[in-house]
1. Given contacts defined as C-alpha pairs under 8 Å and at least six residues apart, what's the relative contact order of region B:249-368, whole-number percent?
2. FRET efficiency for B:Ser139 and B:Phe20, Cβ-Cβ distance as r, R0 = 41 Å, nearest 0.05?
3. Where the Cα atoms of the protein assembly as shown are projected onto their three principal axes, how long is each span, largest first, in whole Å?
4. Just to make sure I understand: if all protein chains stay in place, what is the order of B:Asp112, B:Asp162 by accessible area at 1.4 Å, largest first?
5. Taking 8 Å as the Cα distance limit and 6 or more residues as the minimum spacing, I'd like the relative contact order of chain B as a percentage.
6. Using alpha-carbon positions, what is the distance between the centroids of region B:52-77 and region A:13-66, in Å?
7. Starting from a Cα-only point model with no solvent, please compute log10 I(q)/I(0) by Debye for region A:138-291 at q = 0.11 1/Å.
8. Out of residues 5 or more away from B:Glu312 or on other chains, whose amide H comes under 5 Å of its own, with H placed 1.01 Å from N in the peptide plane?
Amino acid sequence: MAQSAEGDLSAKPWLLMSPALAAVALLLVIPVFFIVVYSFWLRTAVGAVEAGFHLDNWAEVLTDPFYRDILFATIRIAFITTVLCAVLGYIPAYFIANAGRQHRLLLILLLMLPFWISYIIRTMSWINILGASGALNYGLMGLGITSEPIRMLYNEATVILGLVHFLLPFMILNIYVSLEAIDRNLIDAARSLGSTSWQAFREVTLPLSLPGLAAGSLLCFVLGAGTYITPMVLGGPTDAMFANLVFEAVITQLNWPLGSALSLVLLVVLGSVVALYNRFLGLGQIAKSFQ
Amino acid sequence: MNDQAHAVEIREVAKRFGDFTALHPTNLHIGEGSFVTLLGPSGCGKTTTLRIIAGLLEPSQGDILIKGARVNDTPIHRRNLGLVFQNYALFPHKTVFDNVAFGLKYRHVSRDEMADRVAKALELVQLPHLADRFPRQLSGGQQQRIALARAIVIQPDVLLLDEPLSALDANLREDMRVELKRIQDQLGITTIFVTHDQAEALAMSDRIVVMRDGLIEQIGAPEEVYNRPASEFVARFLGNSNVLPGRVESRDDRAIKVAIDGVGTILTEAVEEEGAAEGDPVRVVVRAEKLQLAAPEAQAEAGTSILPGGVEAVDYQGQAARYFVSVNGHQMQAVNAIDERPFRKGEAVSVRIRARDCVLLPSSKTEG
């Protein structure tokens, strides 16, 4: 009697999880498995793809300094973007968390508003601002500050600008969630004990919001390092990021095996970052911002 | 300068939020070293008053004086007050030691003195061995003791307690009540305690300030507020009371005879300040535990009224029972110690009311 009840109990969670597990298997595990298999195939000189177990792609990806340099550049760009997002995101997050209840909802709605416009459109909008005939140059020339349009687009700085623009809401939301969860009484308690509002922020608010800051940083880093549209739209010919290599291999050269090997390299690098984060900080915090 | 005698004084302090008045202009003096409770239901203005004294809320008008000095413009961190919250509000990322030492960091205290004072505070709350723990590793009762230690270690001028016991379970709450009172006595620290729990207020306070709808209803010692409520609200809020509307039938200088509507006449003791004249509408307040049930054949003694009644319901509580008694169709409550056996439902009884247990309220205060 007791045993059958126990048997039911142990089967039930699996049964309830089965739709999610099926989705993960079908949409994630199996496609990645195919990519792994693909990466060992080979594209011959005539353009045909030959199945089998070839290490040529892996040898090329792991030894050619071209790929290594772009991987490092990608990590650098993602890192700078993350730091900028953290600094620029904390202030609005703090502001929203401390706004009145009604204003808070409105501000969060405004924060979500950009997501209703395609990410590509949002990225391309910078061309209308920073381009040779964009708003900024138009204004500068109109004011007579410059006679020739200043070249502002298509470099690493504009790639980072585009990424910050894209990723800032994720950072703000994550920091906001951890700020909002802080008990107001803690600040009042700190103040009553003799700290100024700045000291109370440093001693209580900031340390208690670090989990949100860390979660936001992880999201920004992973999303930033995996993007190819921003460098494609806002970068120059030398500003390719790692995902651009995958795009180039798969879409332009139709070299699926090489593209598979490249994407697995990115997967392993970003996966390690996530694993490290989970080891030291735990992934639970990220889930909170989606509640 | 008799201001010196008051640790805290508020003068004509009011707080309005838009159209809503949380606190009407209020005056209150709190003597040095006393334990004063602000008691009332939620929304009565007690927490608003506490937060204004603490500096967490700005009053719409009026002055706040601490130790005779006006502090309206003194920011909270320079008021030197100890605050304890209902949810403890311990810093979750700091150890117990760092929590308690927090206030000392801003008071230019040497490292040795800090360790010494934290140790003493932890000893006072009887948790000297928990300094290295984090708040989440402590029980609710322990957390509240640490919160108290954190508030008193800075030697505040006034200790402000905002429903500090409400989050604890019943047994623990009674222990903490005794504990809190012991610590307050030991330190002689002026304490303002906010609660909606009349038992806490009665057990701990030197004085109780009963509040309702942003107004003070009555200020007095616990026995005074309990035995001589100034209004029907106070009578009902502190324990079970019977409030009987009626009319003064006759009075002499020792007793007032009141005809209770539809029930009968009862005798109340005449207190000189009560100006009730013959024919005036009044209300008689009798506490449930002062309403004595007896066998139906009992005779009235001098200074006692007897009314015939029947037991409608019995709420058995062990050493006592609460009875709902019908007297000529009007329901009254009586809480009596049980002698041999409780009265049973349906039993006929006589309801005995002593004149000196009655409090006479004028009828005009109905809305108050």
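1. Contact order relative to length: 32 percent.
2. For B:Ser139 and B:Phe20, the calculated efficiency is 0.60.
3. Extents along the principal axes, in whole Å: 123, 76, 55.
4. Output order, biggest surface exposure first: B:Asp112, B:Asp162.
5. That works out to 15 percent.
6. Distance between centres, Cα-based: 69 Å.
7. -0.66
8. Excluding prolines and chain starts, which carry no amide H, the hits are B:Phe324, B:Val325, B:Ser326, B:Gly346.
The values are calculated or read from the model by the stated rules, or taken from the named source; none is laboratory data. The shown structure was predicted, so the numbers you read here are calculated from the model rather than taken from an experiment. FYI the Cβ positions are ideal-geometry reconstructions off the backbone, even for glycines, and counts take in every protein chain you see. These area figures cover heavy atoms from the full protein model, side chains too; ligands, DNA and RNA do not enter into them. Shrake-Rupley method; radii C 1.70, N 1.55, O 1.52, S 1.80 Å.
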